[in-house]
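Structure first, commentary second.
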Amino acid sequence: MALEIKKKSAGIGMTSQRTRERMVERLRDKGIRDERVLAAMASVPRHLFVEEALASRAYEDTALPIGLGQTISQPFVVARMIELILDREKPPRKVLEVGTGCGYQAAVLARLVPEVYSIERLKGLHERARANLLGQRLANLRLVHGDGNVGLEKAAPFDGIVVAAAAPAMPEALLRQIAPGGRMVLPLRGPHREAQRLVLIERSGRALTERVLDPVRFVPLEAGKA
């Protein structure tokens, strides 16, 4: 059984390690500079987090459907958001991901941060992510079924928060859960629903600063559990 899991993780053809390495080279060419992030992206078998029928497309730089109206983010966006969280003098010790989805981004984060929490509102995706992550042996990753809009007060504050869905406005509960010196990166929707920008929030003492970055496209951030 262990051998079977190992072979499946290694992949063949369009899911092979060589294909994964080509994905990493494309990320480097597009501007991802943090070698820690690139190494983590190379180590996570993205093809195990998508439907088998889409496995051959797993290492393309594109978002893919994962069911229930949700998607797995394109590799560049995953790398970009994580790089923004890590780009600081003192590496983050504890990070919250809002929107577990299929579990891929959580797996990358768990290779970079000592303590990772990931919250998912859809029970079906929460269970799927748990199954996808089973063979990854990530003891520092905790999955939670809950409303990402309210964060995870019991584990706060967080040195980093990564929101994998587009909010219409800054979620106040998440702002409160950023630790001093911490960062939050999230996509924000503009007045037109399809217009979204990546935004980086940094806390210095009580003050929050905001930087508007790249145009992106995410599914909407919804409230409540389902």
Which of (1) among the β-branched types (V, I, T); (2) more than 15 Å from R93 (Cβ to Cβ); (3) buried (at least 20 other Cβ atoms within 10 Å of the Cβ) does V113 not meet, given it meets every other one? (2)
Log entry, pairs with first residue in the stretch 208-226 being within 15 Å of M170 (Cα to Cα), second being surrounded by fewer than 13 Cβ atoms within 10 Å (Cβ to Cβ) and among the charged types (D, E, K, R), beta carbons closer than 9 Å, six or more apart or on different chains, reads P220/R193
How many residues are polar (S, T, N, Q), over 20 Å from P171 (Cβ atoms) and not in a helix (DSSP H, G or I) when one looks only at the stretch 109-149? 1
Candidates L208, L175, L213 - the one that is more than 28 Å from E127 (Cβ to Cβ) and in contact with a Lys or Arg (Cβ under 7 Å, 6 or more places away or on another chain): L213
Every residue in the stretch 85-97 that is in a helix (DSSP H, G or I) and crowded, with 22+ Cβ neighbours inside 10 Å, please. I85
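Taking the stretch 49-75 only, how many residues are part of a helix (DSSP H, G or I) and either at pLDDT below 95 or surrounded by fewer than 19 Cβ atoms within 10 Å (Cβ to Cβ) (or both)? Write out each step before concluding.
The initial filter retains those residues of the stretch 49-75 that are part of a helix (DSSP H, G or I), namely 49, 52-57, 75.
Still in the running and either at pLDDT below 95 or surrounded by fewer than 19 Cβ atoms within 10 Å (Cβ to Cβ) (or both): 52-57.
Going through the stretch 49-75 one residue at a time, the tally reaches 6.
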Taking the stretch 124-164, which residues are of a type in the set (V, I, T) and buried (at least 22 other Cβ atoms within 10 Å of the Cβ)? I161, V162, V163
Name the single residue, out of those in the stretch 177-191 being outside any strand (DSSP E or B) and either touching a Ser or Thr at 6+ places or on another chain (Cβ under 8 Å) or without any contact (Cβ under 8 Å) to a residue 24 or more places away in the chain (or both), that is farthest from A155 (Cα to Cα). P191
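Considering only the stretch 103-110, I want to know if a residue exists there that is farther than 18 Å from F218 by Cβ and at pLDDT 95 or above. Steps first, please.
First pass over the stretch 103-110, keeping only residues farther than 18 Å from F218 by Cβ: 107, 110.
Restricting the remaining residues to those that are at pLDDT 95 or above gives 107, 110.
Looking through the stretch 103-110, at least one residue is farther than 18 Å from F218 by Cβ and at pLDDT 95 or above.
The values are calculated or read from the model by the stated rules, or taken from the named source; none is laboratory data. Not measured: the values here are computed from a predicted model. Glycine gets a Cβ as well: all are built from the backbone with ideal geometry, and neighbour counts include every protein chain shown.
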